[in-house]
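Report on one structure; see the data block that follows.
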Amino acid sequence: MTISPAQGTDVVRRRVVIIGGGVAGTAAFAALARAGVDVQVDIVDPLAAGAGPAFGVGDAALLCNTSVDLMSLLPGLPADFHESLRARGVPAGREEFAPRREFARYLREVYETWAGRPGMSHRRVSRRALAVRPLGPGEGYRVVLDDGSGLTASDVLVCLGWGPPRVPDGLRDRPGIVTSPFPEERMLESVRPSGRVLVLGTRLSAIDAALLLTRHGHRVTLASPSGALPAVRTRTVRGAARIDPAEVHALDPADPRLTRRILDLVTRTLGTAPTCADASIGTLERLRSEVELARRGQVGWQDVLVELVDLANPILVRRDQDARRRVLRACEPLTRYLGSFPLCNAERLLGLLDTGQVKVRAGTPRRLDGPSPFWRVQWPDGRSEHFDGVVCATGFTGRPLRVRSGVLTLPKAHDASPVAGAPPELDADLRLRVDGRSERIWLLGVSSGVRMPFVNAVHHATDQAEAFTRAFAET
């Protein structure tokens, strides 16, 4: 049920407050319910389950970027999402990429199933959390809400997910700029029929924007400093490649040749050098080449990278910040492969590029004037173009969590600017550490990115939720 936060704030011996009811929050709630622990759970989120920007979309062209088989919210039941799709009559194989709206429905289904479990004591609080204050040694915490009220907790899970859209300097407050492709209705309503649209970005959000806009008759130019598109893959599944864990443990973050060592490991695992398109050819021909490689099943790197990330995370979470930064820098050449996109969408984009309905440009505008009656863009080479709309599709910011005087401060809605205080410090088990002491506050999912380097996938959040629940049940 949804209640006013002013109701029923009495302290109980074990009360978990989950801040954020998206993927990580729902996974944690379901894990606690499945474990049958005696606990009161409060989920704090102004949005309903599945209504967040990541999956709360309506168009079937917007696909999950991870295969169905890796998106179960219930560890130990990898086919759970697939079975949910089959029950609803949605045709999607376990290695395929389902529409994001279907995952949103599944997320709601999981929440409602476990919320209705007999004996499960929980509330859903439709507010935003602003801070987590300690009440004193052994007395728990008070989660401060945006209406001035609060909730008491013995344990707190921060599961906030991504923050506001990342907008290039000087564009956030420009009238007429669409700061994100989502929600898609707002983007589509902002451009006159059959208009020319400039989309800033060439990665996943930008490709989503291009697919949506062209379906509604618009012509699109994608632009980024490099003009590079993501690589193309056919699946993301666990267990399709086997890396010797000892080889991952042996990688030294301080090794100046770490990037080479990682690539050598990928080659050894595949038994041959990974087949990749020539990076020196143009964007269109590189995409055409990668589509053909994917059609022929010559994208073995996709399985190795899933396995590599899953082995690296539990190692790196125990290393210091400098080591994690070195590894992330070493992985930069792999970015377009780690953030690759499904073959079916690559084929659609290739067709649009061939017909000229979509263009890709390397370089960002030197000057942007408008929007009355149109946008005038001046490019670095001196040429100018006119557009009927400008959409920013340059990703999303992280949530700027801060700790000050023992209080964990959370950002206000749509605010990417950091508040006063120090970034949170986490233990290897993702517990907040304040003044050398481990608090009963955990950061899961995207929020754990301050300690765990690779946390974008659903299965990372569900694994964390399961680990937290095991530890919670033992205490």
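Any read-out appearing in this document is the output of simple, stated calculations on the displayed coordinates, not a laboratory observation. The structure displayed is predicted, hence computed values, not measured ones. Note that each Cβ is placed from the backbone with ideal geometry, even for glycine, and that neighbours are counted across all protein chains shown.
If R0 is taken as 25 Å, the Cβ-Cβ distance between HIS216 and ASN456 corresponds to a FRET efficiency of 0.30.
Extension gain for the segment GLU347 to ASP255, taken as residue separation times 0.36 nm less the Cα-Cα distance, is 29.2 nm to one decimal. Between 0 and 90 degrees, rounded to the nearest ten: what's the tilt of helix 343-355 against the longest Cα principal axis of the chain? Approximately 30 degrees, to the nearest 10.
Positive end of the dipole of the chain (Cβ unit charges, origin at the Cα centre): among LEU160, MET452, PRO225, the Cα lying farthest that way belongs to PRO225.
What FRET efficiency do you get for THR355 and SER384 if R0 is 25 Å and r is their Cβ-Cβ distance, rounded to the nearest 0.05?
0.55
Think of each Lys and Arg Cβ as +1 and each Asp and Glu Cβ as -1; about the Cα centre, that makes the dipole of the chain roughly 660 debye.
The range 235-364: percent of C-alpha pairs farther apart than 21 Å?
The proportion of pairs with Cα distances above 21 Å equals 47 percent.
Close amide-amide hydrogen proximity is noted between THR179 and CYS392, each under 5 Å apart and 5 or more residues distant or on a separate chain (H modeled in the peptide plane; Pro and chain starts excluded). Normalised by residue number, the volume inside the convex hull of the Cα atoms of the chain is 160 Å³ per residue. For the chain, take the longest principal axis of its alpha carbons; what is the angle in degrees between that and the long axis of helix 283-295, to the nearest 10 within 0 to 90? The angle comes out near 60 degrees. Residue-wise HN-Hα couplings along the range 398-407, as the Karplus relation 6.51 cos²θ - 1.76 cosθ + 1.60 with θ = phi - 60° gives them from phi, are x, 7, x, 6, 9, 10, 9, 6, x, 9 Hz; Gly and Pro carry x. At most 13 other C-beta atoms within 10 Å and a DSSP loop state: those are the exposed GluC sites (Glu not before Pro) I care about. Give me the longest piece of the chain that has none. Longest site-free region, per DSSP loop and neighbour criteria: 140-473.
Over all distinct Cα-Cα pairs of the range 307-456, the Kirkwood formula returns a hydrodynamic radius of 19.5 Å.
By the compact-protein rule of thumb, 2.2 N^0.38 Å, the alpha-carbon radius of gyration of the range 46-146 corresponds to a ratio of 1.35. Note on ARG88 and ASP146: with the Förster distance fixed at 25 Å, the Cβ-Cβ geometry gives a FRET efficiency of about 0.10. With respect to the chain, whose longest principal axis is taken over its alpha-carbon atoms, helix 204-215 is tilted by about 60°. Taking 0.36 nm per residue of separation and subtracting the Cα-Cα distance, full extension of the segment from THR335 to ALA362 would add 8.0 nm.
For VAL197, the amide hydrogen comes within under 5 Å of the amide hydrogens of ARG219, VAL220, THR221, ASP388, counting only partners 5 or more places away or on other chains and with H modelled in the peptide plane. 3J(HN,Hα) along the range 27-36: 4, 5, 4, 5, 5, 5, 5, 5, 6, x Hz, from the Karplus curve 6.51 cos²θ - 1.76 cosθ + 1.60 with θ = phi - 60°, whole Hz, x for Gly and Pro. In this structure, the amide hydrogen of VAL360, modeled 1.01 Å from its nitrogen in the peptide plane, lies closer than 5 angstrom to those of LEU222, counting only residues at least 5 positions away or on a different chain.
Each of ARG108 and ARG433 was given a label point 7 Å from its Cα along the Cα-to-Cβ line. The distance between the two points is 4.2 nm.
Spin-label model, LEU47 to ALA79: label points 7 Å out along the Cα-to-beta-carbon direction sit 3.2 nm apart.
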